[in-house]
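Written out below as structure tokens is the structure these notes cover.
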Amino acid sequence: MSVAVMLFTSDLRVHDQPALRAALHAADRVVPLFVVDRGVHRAGFDVPNRRAFLADCLASLDAGLRERGGRLVIRGGDVVEQVCRVVTETAAREVHVAAGVSAYAARREDGLRTALAALRCTLHVHDAVVTVLPPGQVTPAGRDHFAVFTPYFRRWQAVGVRAAVAAPRSVRVPELPGLPLPRRSAATGISPGLARGGEETGRRRLAGWLADSGKGLEAYEDRHDDLVGDATSRLSPHLHFGTLSAAELVHRARRRGGPGAEAFVRQLAWRDFHHQVLAARPRAAWADYRPRGDHWRSDEKEIAAWKAGRTGIPIVDASMRQLQYEGWMPGRGRLLVASLLTKTLYVDWRVGARHFLDLLVDGDIADNQLNWQWVAGTGTDTRPNRVLNPLAQARRFDPQGDYVRRWVPELARIPGPAVHEPWKLGDLERARIDYPDPLVDMAEGRARFERARGLK
């Protein structure tokens, strides 16, 4: 009896799972393995919201495997050590894993390759499981990655996407011990409105979104920035944990066709773009991709107010409070709060990126860090000194103020778009609401930023 090990990482699904399919083809029996990695905990990425969502994902993956006669084997500790133990216990000759792009993933793969070679076991690293295209597949002449999205996207569109593979009909697992599945209820400090995770939930979410003509794929081009309409796909947590396949999403969107599908596929290409940047420049997770000589301010009271959603800028505070409650925030909100922190308050982007990673259920090191750098002007933005005006953005994406009233209840009695500028109310009206004045005048903040960047 031949045995292979399938090491799950950020690909917690049975549908369109090329690494699992390869392991099943390679051996009579397969060990579907997940290691609760203590290295992730040490690195500060094992936070309550993602821990709870992960528990949902593992339970769903186990259920999917059991439907096919298998089960998920859980181990805990160092990944390399635990994989080697399973290989020794089962006499496995192959280990299959999806490729990662972070420095941590690269170290994990290197460690596995060396340790498994000593056991005469082969490591197979599979590309295009986590992303649509492998990070190194699309490169400019003479360089290892694209630094600007538009030329990357043109090349990305011209490359064929691998075909989606069907879920296996059966999975035969050898007998060996494992730990109990982690439980969502054991995760303390999670956001009250955190969504459920897992492949079944993700596929159900996808099907419902595709079928919704008012707020789904068909309307995506026009409505994905509609804050009050909540018309985003909300699929990012499932992409982060790999309960949905990015390649499958491209195929399903393109089959539907239309401007909405094109806009959605473009967002998936942005995700690939960030992964290829990080794969080529792992230090960009914490170091400026394009240093601007910034001397960031560090006002702890302002940072605390930003985190708490008490900046006095309603659209920003609404977004930050949604983050606290749901562990998630729409993309437009992320741009607004990041611009205020880095450009108007002139606070280091790493402060905001760390706070996002502490709360976001989809806290992906490539997307999160490089989006923050894009907004801060230290990343790949071709207009690094652009500043988003939160009032102009509020009028455009929350024209009647309903999004603000939903998340900032102390402003709920202010009608219409006036809710975006509570400082314009009369003294008596202002005295009736427990809401702060703006931390900074927008014009003064912009001028300070421009002086710091040497633009004035």
TODO: Enumerate the helices (runs of 4 or more DSSP H) found wholly within segment 217-276, keeping only those where 3 or more residues are within 26 Å of Ala19 (Cα to Cα) and over 13 Å from the mean Cα position of the chain (by Cα).
DONE: 246-256
- [ ] Could you tell me whether Phe153 is under 25 Å from Ala98 (Cβ atoms), assigned to a loop (DSSP other than H, G, I, E, B) and among the aromatic types (Phe, Trp, Tyr)?
- [x] no
Open item on the list: Restricting to segment 393-445, count the residues that are among the small types (Gly, Ala, Ser) and out of contact with any helix residue (DSSP H, G or I) (no Cβ under 9 Å at 6 or more places or on another chain).
Closed with: 4
Task: Residues that are over 26 Å from Val408 (Cβ atoms) and either of a type in the set (Ser, Thr, Tyr) or loosely packed, with under 13 Cβ neighbours inside 10 Å (or both), drawn from segment 431-456 - done: Arg451, Gly454, Leu455, Lys456
Task: Inter-residue pairs, beta-carbon under 7 Å, first in the same structural domain as Gly216 (by TED's automatic domain parsing) and in segment 254-275, second basic (Lys, Arg) and at pLDDT 95 or above, 6+ apart - done: Ala261/Arg254; Val265/Arg254
Open item on the list: Please list, ordered by residue number, the helices (runs of 4 or more DSSP H) wholly in segment 1-106 having 1 or more residues that are in contact with a His (Cβ under 7 Å, 6 or more places away or on another chain) and surrounded by fewer than 24 Cβ atoms within 10 Å (Cβ to Cβ).
Closed with: 18-26
Open item on the list: Being among the acidic types (Asp, Glu), surrounded by 13 or more Cβ atoms within 10 Å (Cβ to Cβ) and without any contact (Cβ under 8 Å) to a residue 12 or more places away in the chain is the requirement here; does Asp381 meet it?
Closed with: yes
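Give the residue, chosen from Val347, Val361, Val387, that is outside the structural domain of Ser10 (by TED's automatic domain parsing), buried (at least 23 other Cβ atoms within 10 Å of the Cβ), modelled with pLDDT of 95 or more and over 22 Å from Arg223 (Cα atoms).
When all the criteria are applied, what remains is Val361.
The values are calculated or read from the model by the stated rules, or taken from the named source; none is laboratory data. These numbers come from a predicted model, not from an experiment. Please note: Cβ atoms are built from the backbone with ideal geometry, for glycine as well, and neighbour counts cover all protein chains shown.
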